[in-house]
Structures are given as structure tokens and as C-alpha cells.
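As C-alpha cells, the structure follows; a few thoughts come after it.
Coordinate-derived values only; no laboratory data. These numbers come from a predicted model, not from an experiment. Here Cβ is always computed from backbone atoms with ideal geometry, including for glycine, and neighbour counts include all displayed protein chains.
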Amino acid sequence: MELKPDFGTPDRLGDIGSRIVVIGGGASGVLMALHLLRRNSTARIILIEKSDLLGCGVAYGTRDPAHLLNTRVSSMSAYADDPDHFLTWLRTAVDPAACPFSFVSRTIYGRYLAETLSQADGCERLSCLRGEAIRLSLTGGGVLVRLADGRVLAADHVVLATGHALPETDPDSAISLPWGNDALPAPDAGVLLVGTGLTMVDQVLTLLDAGHRGRIEAVSRRGLLPKPHADAAASVIASDDLPLGQPVSIAMRWLRDRVADTEAQGGDWRSVVDGLRPHVQRLWQVLDMHDRARFLRHACTWWEVHRHRLPPCSAERLAVARAEGRLILSRAAFRGADRKPDGSIAVRLRPTNCATEDIRTFQHVVDCRGIRRDPARHAAPVIRQMIAERLAYVDPLGLGIVVDRRARVLRPDGSTLPRLTAIGPVSRSAFWEITAIPDIRQQAAWLSETLVKPECDSK
């Protein structure tokens, strides 16, 4: 959905019902708006998005058809209680023969979110504004939201849906960002991709489709690629079977043993990983900070390559590129890069299990290290300002601002900010697994019910 100037203004919302401002019009913000419209018949909603498109954000803003969802169509409905919603839309708007087990382009999914919002029941209560929120001020009866262009909006409640904390493109940097608009390298250029996860896969597929002939090298400390999807039904794992409250080492041993038992019976490890998914947030929340840090340091990479998997067709293309020598996978720590006078880039790499650095030259370097960045530096302006004014603070692990289990933003003294909630990646410190659509839509559903009720306290 393109944000037209006449799509809506706050004036048309009137004075009846509560006014909820959702900051961020990517997937998290659109899902939040959809569930608010669906579950409450009086709330007025203002959705603020700085770009000219809704429902896209970083994940679904790509225009490359080779960038596929890493989840099947059957799991991507905007509504958990209407699992065929996306499939029905897909068959109506794109492909009558669409399969529920297929992997479609992320561009199509961004279009689905936008069109679903534009056609939602109650959309006359929705106003979509193009702008960027830069500051929040608490008042006696609500929240004032100041935009970069000077406009100020009054809200009864604000939802932070600003997505991942990502650095902005630096034109003077020797390293390109994967979500920027940088031109593709020359066809014969040597390319280094820093990181070997899903972002790297997107970059490789883009280069291959553009006819790139030069060598592409992907580097990370462990050199692990995301595993491919396969047909495997999720196991049923009872809460009583979970290693709740156990140290990370014991929890990971439990997981390995569960996988071994499943495979010994002819099953697939994917069944165990997918069966564990509904419990991951709870497992995360019972860990103390020490064990959370241990998980991030020692187990996170292994979990993510098994949890966030590749569409089979993408995995096959990578395998062919590696077999042909067009893609090289290396194990090394990236230590920095500098542009040389001739325009090439000198990259400092420290190979795994080696104490010395190598300096190697490439013509193009892309930072594909994913979404774990510094929220204090790279978060949206409104969140950076909240941190500066001590209305919020970054959790000790640097995952994001601190929120409680009800997704309420916490001040540095531990008290909640009244009328202020976070959704999606912004709330990752409390939920960990909150970056995929199935998790965000569930969060949006229960938040939509709580936001229309008056808060009884701010403890």
C-alpha cells in the first residue's frame, strides 16, 4: 500500500474512542493495526511510517523475486485463527494454483500485508501518515508523539513497531549494506560477504541472477550455512518435558538427545526444532542473564541455522554455486576494511583458530551479519531519544530496549512507562523469538486485547 497524502489525517478520526498511535509501518506495525481493527470497534488508529510503502520494512521491502520467504505459505497468514488467509489471498491475487507448502517471494508477502490492511473491516478508523517519529512526551492523560517535520500527535497509547535496529548507509564506508540501494559490483569483481546466514543467501542469489562472474566469498567465524527445509511435521513437546530453568549446557544436551531419539525412530531433526518453537519464549524468559549470555555466545549460531531455514530451491542454488567454485565459504573473523587509493578494499580477516590476521583485497564487500546491532546507535530515532532521556534503556545483552512480559517499556529504575508498548523485534530482549510472522501475529493478537482496556497500574 502506497502512502498517499489523502489516505488519512488525524483530524478525520474524531474524538470518539481511544486513539492508538503505532510507530512503524513494516510487518509488525501492520499486523498490530490489523488486529486492533479486528478486535476493537471504537479505537482510532494512526499508523506512522517514514517510507512510502506499508507492510514492507527491511524484510519485505526487497524487489528481487529471488528473495523468498523462509517459511511456507501455510504458516504466513496474518491471523493465527485463520491459517488459510494468506493462501486464499495468494490464489485470488497472484496465482490460482498456489500451493500451501510453497515458498513465495518476500515482495509478494509485503503486498499481501498492505492489501490486507487497505481492505480490512473498520479501516475508516485507520489513518496512515508518512513521517518519522523522533520523540515521545508523557502527559497526564496520554502521550505526545513529535514527528521530524514538526507535527505533534496526541495518543492514548503508543505502540513501538520500529523493527530491527539497523545502521544507516554510510556513503564513505568501504562496506555496503544489504538493504541499501548500492549498485551491483562489476561482473568480474571479487566480492566478500561478511556473514553466512540468510542475508548472505539473498546477496548470493542476487549476484548470480545478475550474471556475476567473479568469485564470491562468504565468511563467518563458524562458517555455518542455514539448513534447508524438508517435509517434517512438528513434534508435540509437552511443557513438562522442557528443561525449564536448566543451564544452557543441559538444555542443549536435552535438545541433542531429543533429536537423536527422533532420528533413531526414523524421524527428522526438524520435527524437534519446530516442536520446540512454541516454547522458546518461555525457555528464554526463565533463563537468568548469565545463561542468556552463554546461549548467545555458544549456542545461538547453531540454533539459528537449524531454526531459520532455507527454501529447498535456494539451498540447491547455493550448493550448485559452491560445487562450481563460484561461491567459497570461509571460517574467519572479520576485523575491518579500508578502501585503498585504487578503489579496491583491503579486508582484515583472522582465520578461525589462528592468532594472526590476513589482509586480503576485494572489489566489493557487503555486511551480511544480520540483525543483532547496537540499539543505542542504530535503533529508530524515537527509541534513541527515549534512551537518551532515560525513558527506556538497553538490556545488558544489547538485544534491544527492556520490556516486561506484557511488552510494556521499562524505565532504567524498573518502572513501566504508562501507555507505551513494544511489538516485534523491538521487544526482543524479553521474548527472543519475536522476529518471525507467526510469533509477531500472536503478540499482536494478545496486545490488541490488552491495549483497549485501561491500565490498572504502572508497576
Original post:
Roughly how many nanometres apart are two label points built 7 Å out from the Cα toward the Cβ at Asp261 and Leu242?
Top reply: 1.7 nm
Subject >> Calculated P(r) tail over 20 Å for the range 66-130, as whole % of Cα pairs >> reply: 27 percent
Original post:
How many angstrom separate the Cα center of the range 138-169 from the Cα center of the range 304-324?
Top reply: 39 Å
Subject >> Inter-probe distance in nm under a simple model that places probes 7 Å from Cα toward Cβ, at Gln442 and Ser51 >> reply: 2.7 nm
Subject >> Inter-label distance for Ala333 and Ala186, nm, one decimal - labels placed 7 Å from Cα along Cα-to-Cβ >> reply: 3.4 nm
Subject >> Of the trypsin sites (Lys or Arg not before Pro) in the range 58-106, those whose Cβ has at most 12 other Cβ within 10 Å and which sit in DSSP loop >> reply: Arg63
Subject >> Length gained when the stretch Ala299-Glu316 is fully extended (0.36 nm per residue, less Cα-Cα span) >> reply: 3.5 nm
**OP:** Can you quote the Å³ per residue value for the convex hull of the Cα atoms in the range 325-459, rounded to an integer?
**Re:** 175 Å³
**OP:** Would you mind calculating the relative contact order of the range 239-307 from Cα pairs under 8 angstrom and at least 6 residues apart, reporting the percent as a whole number?
**Re:** 40 percent
Subject >> Overall Cα dimensions of the range 377-440, principal axis frame, Å, largest first >> reply: 33, 24, 21
Original post:
Where does the charge balance sit around Asp82 when Lys and Arg score +1, Asp and Glu -1, over other residues with C-beta under 15 Å from its C-beta?
Top reply: +1
**OP:** Can you pull a Stokes-Einstein diffusion coefficient for the chain at 10 °C (1.306 mPa s), Rh from Kirkwood over Cα pairs, as a whole number of µm²/s?
**Re:** 68 µm²/s
**OP:** Using just the helices of the chain, give the 222 nm mean residue ellipticity in deg cm²/dmol: DSSP H runs with n ≥ 4 each add -39,500 (n - 2.57), and the total is spread over all residues, rounded to 500.
**Re:** -8500 deg cm²/dmol
Subject >> Extension gain from Leu224 to Ala154, taking 0.36 nm per residue of separation minus the Cα-Cα distance >> reply: 20.4 nm
Original post:
Which is the longest stretch in the chain that no exposed loop site breaks, taking sites as GluC sites (Glu not before Pro) with a DSSP loop state and at most 10 other Cβ atoms within 10 Å?
Top reply: 1-167
**OP:** Output the Cα-based Rg and Dmax of the range 239-307 in Å, rounding Rg to one decimal and Dmax to a whole number.
**Re:** 11.9, 37
**OP:** Would you mind getting me the FRET efficiency between Cys99 and Ala234? Use the beta-carbon distance for r and R0 = 22 Å, nearest 0.05.
**Re:** 0.70
Subject >> Centroid-to-centroid separation of the range 54-80 and the range 360-425 [C-alpha atoms, Å] >> reply: 23 Å
Original post:
Mind listing the Cα extents of the range 50-178 along all three principal axes, in Å, largest one first?
Top reply: 52, 47, 20
Original post:
Which FRET efficiency value, to the nearest 0.05, do you get for Asp288 and Asp413 by plugging their Cβ-Cβ distance into 1/(1 + (r/R0)^6) with R0 = 22 Å?
Top reply: 0.60
**OP:** Provide the FRET efficiency to the nearest 0.05 for the Arg348-Thr92 pair, computing r from the beta carbons and using R0 = 45 Å.
**Re:** 0.30
